Amino acid sequence: MIKTYRQRYLTHQDKGQVYIFHNRGEAGGESLPHPHTQLAVVPSNVVMDIPTLDPSSSLGVGPGNEEQIQALTPHLYLFCPKTSQWPDEVWIVPKERGRTFGDAKDGELADLSYAVARLVQIFDLRHGHEFPFNFYIYP
């Protein structure tokens, strides 16, 4: 599934800023009860207000902030931001920086697939089978 997201990202990347998002459950913003992921392309001239991963920011992951890192894979950091916007908020970021999702390597996508599946299992145990959630992938 994650490789399909990358393929769709690559198909649309020349048209603007590609954002892939998924919501599940009414509390997660789902309007009709069925699983689906959506892709939106925002024109390149539109400035998006997206948090940075600067280690000095409130997200704070990187050298000097290792306490924020909850898990590591060979290619990814998994961490909870210092100031979360939502309950159970987890960020997954590549160790190799300066690239877009379309540049992700197969090993990174395998790690991402594993991490997302594992997080869903954890949240399922914590909140029950039909817990609402959102995820998004942006450049």
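Counting other Cβ atoms within 10 Å as a rough exposure proxy, the listed residues ILE92, ILE122 run ILE122, ILE92 from fewest neighbours to most.
Coupling constants for region 122-133 follow from the phi torsions by the Karplus curve (6.51 cos²θ - 1.76 cosθ + 1.60, θ = phi - 60°), and in residue order they are 4, 5, 4, 5, 6, 10, x, 4, 9, 6, x, 7 Hz; glycine and proline get x. Can you tally the net charge around ASP103? Count Lys and Arg as +1, Asp and Glu as -1, for every other residue whose Cβ sits under 12 Å from the Cβ of ASP103. Net of charged neighbours comes to +1.
Just so you know, all these numbers are worked out from the coordinates, no wet-lab data involved. Small disclaimer: the values here were computed from a predicted structure and weren't measured. A quick note on method: Cβ atoms are made from the backbone with ideal geometry, for glycine too, and the neighbour counts reach across all protein chains shown.
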